[in-house]
1. Would you mind stating whether Ser145 is more than 17 Å from Pro394 (Cα to Cα), of a type in the set (S, T, N, Q) and in contact (Cβ under 8 Å) with a residue 60 or more places away in the chain?
2. Hey, can you tell me all the residues within the stretch 405-436 that are at pLDDT below 80, out of contact with any Ser or Thr (no Cβ under 9 Å at 6 or more places or on another chain) and open to solvent by 70 Å² or more (accessible area, probe 1.4 Å)?
3. What about Arg13, is it loosely packed, with under 11 Cβ neighbours inside 10 Å and either on the phi < 0 side of the Ramachandran plot or modelled with pLDDT under 85 (or both)?
4. What is the residue count in the stretch 194-208 for residues that are surrounded by 15 or more Cβ atoms within 10 Å (Cβ to Cβ) and not aromatic (Phe, Trp, Tyr)?
5. Name the single residue that is farthest from the chain's Cα centre (by Cα) among those in the stretch 251-265 being aliphatic (A, V, I, L, M) and outside any helix (DSSP H, G or I).
6. Search the stretch 196-225 for residues that are small (Gly, Ala, Ser) and pair each with any residue that is part of a helix (DSSP H, G or I) and loosely packed, with under 15 Cβ neighbours inside 10 Å when their beta-carbon atoms are under 8 Å apart and the residues are at least 6 apart or on different chains.
7. Which of the residues that make up the stretch 29-60 are surrounded by fewer than 17 Cβ atoms within 10 Å (Cβ to Cβ) and over 18 Å from Ser254 (Cα atoms)?
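The values are calculated or read from the model by the stated rules, or taken from the named source; none is laboratory data. Every value quoted in this text rests on a predicted model; they were computed, and no experiment measured them. We place every Cβ from the backbone using ideal geometry, glycine too, and count neighbours over all the protein chains shown. For the accessible areas, the whole protein counts, side chains as well, though only heavy atoms, and no ligand, DNA or RNA atoms are used. Shrake-Rupley method; radii C 1.70, N 1.55, O 1.52, S 1.80 Å.
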Amino acid sequence: MKIADTIRNTMRRFLMIEPAEKRTVTIKEVYSHEGNCAKNRIWYNGKPQQLEEFYREIDIDKTLFWAAPMTKGLEIRKLHTGLPRLVIDIMTWIVANDFNGIEFSEDNEYEEIWKEVAKDNDFDELLETALRETAIVGDGAWKISFDDEITKHAILEFYPAERVEFVYKRGRLREVKFKTEYRYKDKTYWFIETYGYGYVRYSMKNNDGKDVDVETVPETAWAKGNDISFDDSVIWAVPMRYGKSAQFKGRGRSLIDGKDCAGDALDECFSQWMDALRAARPKQYIPQRLVPFDPITLKPQKPNAFDNRFITVGDDMREGTASQIKVESPEIRSDAYLATYITALDLYLQGIMSPSTLGIDVKKLDNAEAQREKEKTTLYTRQNFVEMIQKALPKVVFAVINATLLMRKQNVITENELDEIKAKFGEYANPSFESQVETIGKARTNNVMSIEAGVDEMYGDSKDDDWKETEVERIKQEMGVSSVDEPFEGDDL
(Lines give C-alpha, C1' and ligand atoms only; values in the text may rest on other atoms or scores of the structure.)
Protein backbone atom coordinates (compact mmCIF):
# COMPACT_ATOMS: atom_id res chain seq x y z
CA MET A 1 0.00 0.00 0.00
CA LYS A 2 1.22 3.43 -0.87
CA ILE A 3 1.96 6.02 1.84
CA ALA A 4 -0.76 8.32 0.44
CA ASP A 5 -3.40 5.57 0.73
CA THR A 6 -2.33 4.85 4.29
CA ILE A 7 -2.68 8.53 5.27
CA ARG A 8 -6.04 8.75 3.52
CA ASN A 9 -7.46 5.73 5.34
CA THR A 10 -6.14 7.02 8.66
CA MET A 11 -7.86 10.38 8.09
CA ARG A 12 -11.10 8.65 7.25
CA ARG A 13 -11.03 6.78 10.55
CA PHE A 14 -10.01 9.92 12.45
CA LEU A 15 -12.84 12.07 11.06
CA MET A 16 -15.60 9.51 11.47
CA ILE A 17 -18.53 11.21 13.24
CA GLU A 18 -21.47 9.30 14.59
CA PRO A 19 -24.83 11.12 14.44
CA ALA A 20 -26.54 11.97 17.69
CA GLU A 21 -29.31 9.72 18.90
CA LYS A 22 -32.83 11.11 18.93
CA ARG A 23 -33.88 11.92 22.46
CA THR A 24 -37.08 13.17 23.98
CA VAL A 25 -36.80 15.63 26.84
CA THR A 26 -39.96 15.97 28.91
CA ILE A 27 -40.34 19.09 31.01
CA LYS A 28 -43.23 19.40 33.41
CA GLU A 29 -44.60 22.91 33.59
CA VAL A 30 -45.31 24.23 37.06
CA TYR A 31 -48.15 26.59 36.07
CA SER A 32 -51.13 26.37 33.77
CA HIS A 33 -52.42 29.64 32.30
CA GLU A 34 -54.85 30.05 35.18
CA GLY A 35 -52.09 29.19 37.65
CA ASN A 36 -49.77 31.75 36.11
CA CYS A 37 -52.48 34.40 36.41
CA ALA A 38 -53.04 33.45 40.05
CA LYS A 39 -49.30 33.69 40.75
CA ASN A 40 -49.13 37.19 39.24
CA ARG A 41 -52.15 38.29 41.26
CA ILE A 42 -50.57 37.07 44.49
CA TRP A 43 -47.40 39.03 43.70
CA TYR A 44 -49.57 42.08 42.97
CA ASN A 45 -51.56 41.68 46.20
CA GLY A 46 -48.29 41.91 48.10
CA LYS A 47 -49.35 39.94 51.18
CA PRO A 48 -46.46 37.91 52.66
CA GLN A 49 -48.79 35.26 54.07
CA GLN A 50 -50.27 34.59 50.61
CA LEU A 51 -46.85 34.42 48.96
CA GLU A 52 -45.49 31.96 51.51
CA GLU A 53 -48.56 29.73 51.42
CA PHE A 54 -48.69 29.76 47.62
CA TYR A 55 -45.07 28.71 47.12
CA ARG A 56 -45.32 26.03 49.79
CA GLU A 57 -48.33 24.46 48.08
CA ILE A 58 -46.88 24.20 44.55
CA ASP A 59 -44.20 21.77 43.41
CA ILE A 60 -41.27 24.13 43.03
CA ASP A 61 -37.65 24.55 44.14
CA LYS A 62 -37.80 24.71 47.93
CA THR A 63 -34.59 26.76 48.09
CA LEU A 64 -36.54 29.83 46.98
CA PHE A 65 -36.95 32.36 49.75
CA TRP A 66 -40.75 32.19 49.85
CA ALA A 67 -40.83 28.39 49.45
CA ALA A 68 -38.10 27.49 51.96
CA PRO A 69 -39.37 26.22 55.33
CA MET A 70 -37.82 27.75 58.43
CA THR A 71 -36.08 25.77 61.17
CA LYS A 72 -38.11 25.68 64.35
CA GLY A 73 -36.71 28.12 66.86
CA LEU A 74 -34.73 30.01 64.18
CA GLU A 75 -37.63 31.65 62.37
CA ILE A 76 -37.02 34.95 60.62
CA ARG A 77 -39.47 37.61 59.61
CA LYS A 78 -40.23 37.26 55.87
CA LEU A 79 -40.93 40.70 54.40
CA HIS A 80 -42.29 41.75 51.02
CA THR A 81 -41.23 45.05 49.43
CA GLY A 82 -44.50 45.59 47.54
CA LEU A 83 -42.56 46.51 44.38
CA PRO A 84 -44.71 44.54 41.86
CA ARG A 85 -47.86 46.37 42.94
CA LEU A 86 -46.07 49.71 42.85
CA VAL A 87 -44.72 49.09 39.33
CA ILE A 88 -48.12 48.10 37.94
CA ASP A 89 -50.02 50.91 39.66
CA ILE A 90 -47.57 53.62 38.56
CA MET A 91 -47.56 52.44 34.94
CA THR A 92 -51.36 52.27 34.97
CA TRP A 93 -51.64 55.84 36.27
CA ILE A 94 -49.09 57.13 33.74
CA VAL A 95 -51.01 55.71 30.78
CA ALA A 96 -54.53 56.40 32.07
CA ASN A 97 -53.78 60.03 32.94
CA ASP A 98 -52.32 60.59 29.48
CA PHE A 99 -55.48 59.35 27.73
CA ASN A 100 -57.29 62.25 26.08
CA GLY A 101 -60.44 60.50 24.86
CA ILE A 102 -61.73 59.13 21.57
CA GLU A 103 -61.45 61.30 18.47
CA PHE A 104 -63.99 61.06 15.64
CA SER A 105 -63.89 62.59 12.21
CA GLU A 106 -65.79 65.83 11.74
CA ASP A 107 -69.59 65.58 11.53
CA ASN A 108 -69.60 61.91 12.54
CA GLU A 109 -73.22 61.08 13.29
CA TYR A 110 -72.30 58.15 15.56
CA GLU A 111 -70.13 60.15 17.96
CA GLU A 112 -73.11 60.93 20.17
CA ILE A 113 -73.81 57.21 20.66
CA TRP A 114 -70.33 56.62 22.04
CA LYS A 115 -70.44 59.69 24.29
CA GLU A 116 -73.68 58.50 25.89
CA VAL A 117 -72.35 54.96 26.43
CA ALA A 118 -68.99 56.22 27.77
CA LYS A 119 -70.70 58.54 30.24
CA ASP A 120 -73.17 55.88 31.38
CA ASN A 121 -70.36 53.34 31.98
CA ASP A 122 -67.87 55.82 33.52
CA PHE A 123 -65.42 54.81 30.82
CA ASP A 124 -62.36 56.63 32.20
CA GLU A 125 -62.46 54.64 35.43
CA LEU A 126 -63.28 51.44 33.53
CA LEU A 127 -60.27 51.96 31.26
CA GLU A 128 -57.95 52.40 34.24
CA THR A 129 -59.26 49.14 35.71
CA ALA A 130 -58.77 47.37 32.37
CA LEU A 131 -55.20 48.65 32.10
CA ARG A 132 -54.38 47.44 35.61
CA GLU A 133 -55.89 44.00 34.98
CA THR A 134 -54.02 43.66 31.69
CA ALA A 135 -50.74 44.64 33.35
CA ILE A 136 -51.30 41.99 36.05
CA VAL A 137 -52.42 38.99 33.96
CA GLY A 138 -51.40 39.95 30.42
CA ASP A 139 -54.69 40.21 28.55
CA GLY A 140 -58.46 40.31 28.78
CA ALA A 141 -61.50 41.21 26.71
CA TRP A 142 -64.21 43.85 26.53
CA LYS A 143 -67.78 42.52 26.63
CA ILE A 144 -70.86 44.36 25.41
CA SER A 145 -74.30 43.44 26.72
CA PHE A 146 -77.74 44.96 27.32
CA ASP A 147 -80.04 44.94 30.33
CA ASP A 148 -83.10 47.20 30.26
CA GLU A 149 -83.55 46.83 34.02
CA ILE A 150 -80.20 48.57 34.59
CA THR A 151 -79.82 51.05 31.73
CA LYS A 152 -81.06 51.77 28.25
CA HIS A 153 -77.50 52.04 26.94
CA ALA A 154 -74.99 49.32 26.13
CA ILE A 155 -73.19 47.87 29.17
CA LEU A 156 -69.43 47.73 28.77
CA GLU A 157 -67.40 45.33 30.97
CA PHE A 158 -63.79 44.13 31.02
CA TYR A 159 -62.96 40.53 31.88
CA PRO A 160 -59.36 39.66 32.89
CA ALA A 161 -57.36 36.80 31.37
CA GLU A 162 -58.33 34.03 33.82
CA ARG A 163 -62.02 34.61 33.03
CA VAL A 164 -61.61 34.73 29.25
CA GLU A 165 -60.89 32.11 26.60
CA PHE A 166 -60.06 32.95 22.98
CA VAL A 167 -60.93 30.65 20.07
CA TYR A 168 -58.82 31.09 16.94
CA LYS A 169 -59.23 29.55 13.49
CA ARG A 170 -56.32 29.81 11.06
CA GLY A 171 -54.86 32.54 13.25
CA ARG A 172 -58.06 34.61 13.21
CA LEU A 173 -60.20 35.27 16.27
CA ARG A 174 -63.59 33.58 15.94
CA GLU A 175 -65.00 33.46 19.47
CA VAL A 176 -64.48 34.93 22.92
CA LYS A 177 -65.78 32.94 25.89
CA PHE A 178 -66.48 34.84 29.10
CA LYS A 179 -66.55 32.72 32.27
CA THR A 180 -68.32 33.69 35.50
CA GLU A 181 -68.09 31.57 38.65
CA TYR A 182 -71.20 30.80 40.72
CA ARG A 183 -71.47 28.96 44.06
CA TYR A 184 -74.77 27.16 44.64
CA LYS A 185 -75.53 24.48 47.23
CA ASP A 186 -71.81 24.05 48.07
CA LYS A 187 -70.95 23.38 44.42
CA THR A 188 -69.06 25.48 41.88
CA TYR A 189 -70.48 26.24 38.43
CA TRP A 190 -69.12 28.21 35.51
CA PHE A 191 -71.52 30.28 33.43
CA ILE A 192 -70.06 30.67 29.92
CA GLU A 193 -71.10 33.40 27.49
CA THR A 194 -69.79 32.63 24.01
CA TYR A 195 -69.47 35.72 21.84
CA GLY A 196 -68.94 35.08 18.13
CA TYR A 197 -69.55 36.84 14.85
CA GLY A 198 -73.32 37.22 14.66
CA TYR A 199 -74.29 35.41 17.87
CA VAL A 200 -74.16 35.21 21.66
CA ARG A 201 -74.70 31.77 23.21
CA TYR A 202 -75.07 30.73 26.86
CA SER A 203 -74.02 27.51 28.56
CA MET A 204 -72.90 26.23 31.96
CA LYS A 205 -70.37 23.70 33.23
CA ASN A 206 -69.78 22.21 36.63
CA ASN A 207 -66.41 22.12 38.35
CA ASP A 208 -65.58 18.85 36.54
CA GLY A 209 -66.04 20.45 33.14
CA LYS A 210 -69.32 18.69 32.32
CA ASP A 211 -72.24 20.55 30.73
CA VAL A 212 -75.21 21.26 32.97
CA ASP A 213 -78.44 23.19 32.46
CA VAL A 214 -78.19 26.97 32.88
CA GLU A 215 -81.24 26.78 35.14
CA THR A 216 -79.17 24.87 37.71
CA VAL A 217 -78.23 28.20 39.24
CA PRO A 218 -81.15 30.60 39.82
CA GLU A 219 -79.07 33.67 38.87
CA THR A 220 -78.53 32.34 35.33
CA ALA A 221 -81.99 30.89 34.66
CA TRP A 222 -82.77 33.89 32.44
CA ALA A 223 -80.30 32.59 29.81
CA LYS A 224 -82.41 29.51 29.04
CA GLY A 225 -83.44 29.77 25.38
CA ASN A 226 -82.29 33.39 25.10
CA ASP A 227 -79.37 33.02 22.71
CA ILE A 228 -78.91 36.08 20.51
CA SER A 229 -78.38 36.25 16.72
CA PHE A 230 -77.51 39.33 14.65
CA ASP A 231 -75.41 40.51 11.69
CA ASP A 232 -72.55 38.03 11.19
CA SER A 233 -70.09 40.84 10.39
CA VAL A 234 -70.22 42.06 13.99
CA ILE A 235 -68.88 40.64 17.25
CA TRP A 236 -69.77 42.14 20.64
CA ALA A 237 -66.40 41.34 22.21
CA VAL A 238 -62.93 42.85 21.72
CA PRO A 239 -59.69 41.31 23.07
CA MET A 240 -56.97 43.51 24.58
CA ARG A 241 -53.51 41.95 24.91
CA TYR A 242 -50.19 43.29 26.18
CA GLY A 243 -47.26 41.68 24.40
CA LYS A 244 -47.17 37.97 23.58
CA SER A 245 -46.70 35.12 26.00
CA ALA A 246 -43.81 32.80 25.17
CA GLN A 247 -45.51 29.94 27.01
CA PHE A 248 -49.21 30.26 26.22
CA LYS A 249 -50.04 30.68 22.54
CA GLY A 250 -52.48 33.45 21.72
CA ARG A 251 -52.27 34.98 25.18
CA GLY A 252 -50.67 38.14 26.51
CA ARG A 253 -47.72 38.66 28.82
CA SER A 254 -47.98 40.22 32.25
CA LEU A 255 -45.82 43.23 33.02
CA ILE A 256 -44.16 41.22 35.81
CA ASP A 257 -43.86 37.88 33.98
CA GLY A 258 -40.38 36.42 34.31
CA LYS A 259 -39.60 38.50 37.39
CA ASP A 260 -40.45 35.84 39.98
CA CYS A 261 -36.87 34.94 40.89
CA ALA A 262 -35.79 38.59 40.90
CA GLY A 263 -38.69 39.49 43.20
CA ASP A 264 -37.91 36.53 45.45
CA ALA A 265 -34.24 37.60 45.69
CA LEU A 266 -35.23 41.20 46.43
CA ASP A 267 -37.53 40.14 49.26
CA GLU A 268 -34.83 37.86 50.65
CA CYS A 269 -32.27 40.67 50.57
CA PHE A 270 -34.61 43.09 52.33
CA SER A 271 -35.71 40.50 54.90
CA GLN A 272 -32.12 39.54 55.66
CA TRP A 273 -31.21 43.20 56.13
CA MET A 274 -34.05 43.77 58.56
CA ASP A 275 -33.29 40.51 60.37
CA ALA A 276 -29.67 41.58 60.80
CA LEU A 277 -30.87 44.93 62.12
CA ARG A 278 -33.01 43.18 64.71
CA ALA A 279 -30.23 40.74 65.64
CA ALA A 280 -27.77 43.62 66.06
CA ARG A 281 -29.68 45.26 68.87
CA PRO A 282 -27.58 45.97 71.97
CA LYS A 283 -27.22 42.83 74.10
CA GLN A 284 -26.98 42.81 77.89
CA TYR A 285 -24.92 40.06 79.49
CA ILE A 286 -26.54 39.72 82.94
CA PRO A 287 -25.20 37.53 85.76
CA GLN A 288 -27.69 34.97 86.95
CA ARG A 289 -28.25 36.66 90.31
CA LEU A 290 -29.19 39.94 88.54
CA VAL A 291 -31.69 38.46 86.05
CA PRO A 292 -35.09 40.19 86.44
CA PHE A 293 -37.80 38.07 87.99
CA ASP A 294 -41.44 37.81 87.04
CA PRO A 295 -43.39 39.61 89.80
CA ILE A 296 -46.19 37.03 89.68
CA THR A 297 -44.44 33.66 89.29
CA LEU A 298 -41.17 34.80 90.94
CA LYS A 299 -39.25 32.93 88.24
CA PRO A 300 -36.45 34.42 86.08
CA GLN A 301 -37.74 36.10 82.96
CA LYS A 302 -36.85 34.61 79.58
CA PRO A 303 -36.19 36.87 76.58
CA ASN A 304 -38.44 36.26 73.57
CA ALA A 305 -37.42 35.93 69.94
CA PHE A 306 -38.43 39.53 69.17
CA ASP A 307 -36.35 41.58 71.58
CA ASN A 308 -33.78 39.11 72.96
CA ARG A 309 -32.53 41.97 75.14
CA PHE A 310 -30.32 40.03 77.54
CA ILE A 311 -28.25 36.89 77.83
CA THR A 312 -27.78 35.12 81.17
CA VAL A 313 -24.23 34.32 82.19
CA GLY A 314 -22.83 32.58 85.26
CA ASP A 315 -22.03 34.50 88.43
CA ASP A 316 -18.41 35.50 89.02
CA MET A 317 -17.58 33.79 92.35
CA ARG A 318 -13.96 35.00 92.54
CA GLU A 319 -12.87 36.89 95.64
CA GLY A 320 -12.96 40.66 95.34
CA THR A 321 -15.20 40.73 92.26
CA ALA A 322 -18.69 42.08 91.88
CA SER A 323 -21.40 40.98 89.46
CA GLN A 324 -21.79 43.53 86.66
CA ILE A 325 -24.04 43.89 83.62
CA LYS A 326 -22.12 44.25 80.35
CA VAL A 327 -23.63 45.78 77.20
CA GLU A 328 -22.35 45.08 73.66
CA SER A 329 -23.66 46.41 70.36
CA PRO A 330 -22.74 44.46 67.19
CA GLU A 331 -21.74 46.33 64.02
CA ILE A 332 -24.00 46.17 60.94
CA ARG A 333 -22.47 46.33 57.46
CA SER A 334 -25.14 48.68 56.14
CA ASP A 335 -23.19 49.62 53.00
CA ALA A 336 -22.97 46.00 51.88
CA TYR A 337 -26.67 45.41 52.51
CA LEU A 338 -27.59 48.62 50.69
CA ALA A 339 -25.46 47.77 47.65
CA THR A 340 -27.01 44.30 47.47
CA TYR A 341 -30.52 45.72 47.80
CA ILE A 342 -29.99 48.29 45.04
CA THR A 343 -28.52 45.63 42.74
CA ALA A 344 -31.51 43.35 43.32
CA LEU A 345 -33.87 46.29 42.81
CA ASP A 346 -32.14 47.22 39.55
CA LEU A 347 -32.38 43.64 38.33
CA TYR A 348 -36.12 43.51 38.99
CA LEU A 349 -36.83 46.80 37.20
CA GLN A 350 -34.72 46.00 34.13
CA GLY A 351 -36.80 46.26 30.98
CA ILE A 352 -39.86 47.56 32.85
CA MET A 353 -39.36 50.91 34.52
CA SER A 354 -36.78 53.37 35.76
CA PRO A 355 -36.24 53.55 39.54
CA SER A 356 -36.59 57.34 39.38
CA THR A 357 -40.14 56.92 38.01
CA LEU A 358 -41.00 55.22 41.29
CA GLY A 359 -39.35 57.98 43.29
CA ILE A 360 -36.43 55.74 44.27
CA ASP A 361 -33.14 57.54 44.76
CA VAL A 362 -30.29 55.48 43.33
CA LYS A 363 -27.85 58.31 42.75
CA LYS A 364 -25.32 56.55 44.95
CA LEU A 365 -24.70 54.15 42.06
CA ASP A 366 -25.87 56.16 39.05
CA ASN A 367 -25.02 59.62 37.82
CA ALA A 368 -27.61 61.97 36.32
CA GLU A 369 -26.95 60.87 32.75
CA ALA A 370 -27.37 57.19 33.62
CA GLN A 371 -30.68 57.93 35.35
CA ARG A 372 -31.95 59.80 32.28
CA GLU A 373 -31.06 56.83 30.10
CA LYS A 374 -32.92 54.52 32.46
CA GLU A 375 -35.94 56.81 32.26
CA LYS A 376 -36.28 55.82 28.60
CA THR A 377 -37.24 52.33 29.77
CA THR A 378 -40.38 53.77 31.34
CA LEU A 379 -41.19 55.56 28.10
CA TYR A 380 -40.78 52.35 26.08
CA THR A 381 -43.10 50.43 28.39
CA ARG A 382 -45.61 53.25 28.35
CA GLN A 383 -45.50 53.35 24.55
CA ASN A 384 -46.29 49.62 24.40
CA PHE A 385 -49.40 50.22 26.51
CA VAL A 386 -50.40 53.19 24.36
CA GLU A 387 -50.11 51.13 21.18
CA MET A 388 -52.21 48.38 22.78
CA ILE A 389 -54.96 50.87 23.62
CA GLN A 390 -54.82 52.61 20.26
CA LYS A 391 -55.32 49.24 18.60
CA ALA A 392 -58.10 47.95 20.88
CA LEU A 393 -60.23 51.01 21.75
CA PRO A 394 -61.31 51.94 18.19
CA LYS A 395 -62.58 48.36 17.84
CA VAL A 396 -64.42 48.70 21.16
CA VAL A 397 -66.09 51.92 19.99
CA PHE A 398 -66.90 50.28 16.65
CA ALA A 399 -68.51 47.29 18.42
CA VAL A 400 -70.47 49.51 20.84
CA ILE A 401 -71.87 51.61 18.01
CA ASN A 402 -72.87 48.56 15.96
CA ALA A 403 -74.42 46.84 18.97
CA THR A 404 -76.48 49.95 19.69
CA LEU A 405 -77.55 50.24 16.04
CA LEU A 406 -78.61 46.58 16.01
CA MET A 407 -80.71 47.05 19.13
CA ARG A 408 -82.33 50.03 17.41
CA LYS A 409 -82.92 47.82 14.34
CA GLN A 410 -80.70 50.01 12.16
CA ASN A 411 -78.00 49.11 9.66
CA VAL A 412 -74.49 48.56 11.02
CA ILE A 413 -71.46 50.56 9.93
CA THR A 414 -68.56 49.01 8.02
CA GLU A 415 -64.97 48.52 9.10
CA ASN A 416 -63.88 51.19 6.62
CA GLU A 417 -65.29 53.77 9.03
CA LEU A 418 -63.06 52.40 11.80
CA ASP A 419 -60.17 54.52 10.51
CA GLU A 420 -62.13 57.61 11.50
CA ILE A 421 -62.01 56.58 15.18
CA LYS A 422 -58.77 57.18 17.08
CA ALA A 423 -57.64 57.05 20.71
CA LYS A 424 -55.83 60.29 21.58
CA PHE A 425 -52.71 60.45 23.73
CA GLY A 426 -50.12 63.12 24.41
CA GLU A 427 -47.33 63.17 21.86
CA TYR A 428 -44.59 63.52 24.45
CA ALA A 429 -44.47 61.16 27.38
CA ASN A 430 -41.88 62.93 29.51
CA PRO A 431 -42.49 62.30 33.21
CA SER A 432 -42.45 65.99 34.15
CA PHE A 433 -43.26 69.41 32.73
CA GLU A 434 -39.65 70.49 33.29
CA SER A 435 -38.18 67.72 31.14
CA GLN A 436 -40.80 68.45 28.47
CA VAL A 437 -39.69 72.10 28.40
CA GLU A 438 -36.07 70.97 28.14
CA THR A 439 -36.78 68.60 25.25
CA ILE A 440 -38.81 71.07 23.21
CA GLY A 441 -36.43 73.91 24.09
CA LYS A 442 -33.49 71.98 22.63
CA ALA A 443 -35.47 71.31 19.46
CA ARG A 444 -36.30 75.02 19.10
CA THR A 445 -32.71 76.07 19.80
CA ASN A 446 -31.39 73.72 17.11
CA ASN A 447 -34.01 75.02 14.63
CA VAL A 448 -35.65 71.64 14.08
CA MET A 449 -39.06 72.73 15.37
CA SER A 450 -41.19 75.78 14.65
CA ILE A 451 -42.89 77.90 17.31
CA GLU A 452 -46.28 76.56 16.27
CA ALA A 453 -45.14 72.93 16.50
CA GLY A 454 -43.46 73.57 19.85
CA VAL A 455 -46.60 75.07 21.40
CA ASP A 456 -48.77 72.29 19.99
CA GLU A 457 -46.50 69.54 21.30
CA MET A 458 -46.01 71.30 24.63
CA TYR A 459 -49.67 71.55 25.55
CA GLY A 460 -51.19 68.77 23.42
CA ASP A 461 -54.94 68.40 23.96
CA SER A 462 -54.94 70.27 27.27
CA LYS A 463 -55.44 73.58 25.39
CA ASP A 464 -57.72 74.35 22.46
CA ASP A 465 -56.56 75.66 19.07
CA ASP A 466 -57.61 79.28 19.75
CA TRP A 467 -55.51 79.40 22.91
CA LYS A 468 -52.52 77.92 21.07
CA GLU A 469 -52.78 80.50 18.29
CA THR A 470 -52.90 83.30 20.84
CA GLU A 471 -49.89 81.83 22.67
CA VAL A 472 -47.91 81.64 19.41
CA GLU A 473 -48.62 85.31 18.73
CA ARG A 474 -47.54 86.29 22.24
CA ILE A 475 -44.25 84.40 21.86
CA LYS A 476 -43.58 85.99 18.48
CA GLN A 477 -44.24 89.46 19.86
CA GLU A 478 -41.82 88.89 22.73
CA MET A 479 -39.22 87.67 20.23
CA GLY A 480 -39.85 90.67 17.96
CA VAL A 481 -40.89 88.58 14.98
CA SER A 482 -44.59 89.36 14.95
CA SER A 483 -45.95 89.84 11.44
CA VAL A 484 -47.91 92.85 10.16
CA ASP A 485 -50.03 93.29 7.08
CA GLU A 486 -48.07 94.44 4.03
CA PRO A 487 -49.32 97.91 2.97
CA PHE A 488 -50.82 98.31 -0.50
CA GLU A 489 -49.60 100.91 -2.95
CA GLY A 490 -51.32 104.22 -2.33
CA ASP A 491 -52.00 103.56 1.33
CA ASP A 492 -51.14 106.36 3.73
CA LEU A 493 -48.04 105.61 5.69
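1. Values: more than 17 Å from Pro394 (Cα to Cα): yes; of a type in the set (S, T, N, Q): yes; in contact (Cβ under 8 Å) with a residue 60 or more places away in the chain: yes.
Taking the combined requirement at face value, the residue satisfies it.
2. Asn416, Glu427, Phe433, Glu434 - these are the residues of the stretch 405-436 that are at pLDDT below 80, out of contact with any Ser or Thr (no Cβ under 9 Å at 6 or more places or on another chain) and open to solvent by 70 Å² or more (accessible area, probe 1.4 Å).
3. Values: loosely packed, with under 11 Cβ neighbours inside 10 Å: yes; either on the phi < 0 side of the Ramachandran plot or modelled with pLDDT under 85 (or both): yes.
Considered against the rule, which asks whether it is loosely packed, with under 11 Cβ neighbours inside 10 Å and either on the phi < 0 side of the Ramachandran plot or modelled with pLDDT under 85 (or both), Arg13 comes out as yes.
4. Within the stretch 194-208, residues that are surrounded by 15 or more Cβ atoms within 10 Å (Cβ to Cβ) and not aromatic (Phe, Trp, Tyr) number 7.
5. Taking the stretch 251-265 as the starting set, the residues that turn out to be aliphatic (A, V, I, L, M) are 255-256, 262, 265.
In the following step, the residues that additionally are outside any helix (DSSP H, G or I) were identified as 255-256.
On the way: Leu255: 4, Ile256: 6 Å.
Going through the qualifying residues, I end up with Ile256.
6. Ala221/Glu215
7. Lys47, Pro48, Gln49, Gln50, Glu53, Arg56, Glu57, Ile58, Asp59, Ile60
One line per residue, one yes/no per condition, for (1) of a type in the set (S, T, N, Q); (2) modelled with pLDDT of 90 or more; (3) open to solvent by less than 30 Å² (accessible area, probe 1.4 Å):
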residue	(1), (2), (3)
Lys62	no, no, no
Glu75	no, no, no
Pro84	no, yes, yes
Glu106	no, no, no
Lys143	no, yes, yes
Phe146	no, yes, no
Lys152	no, yes, no
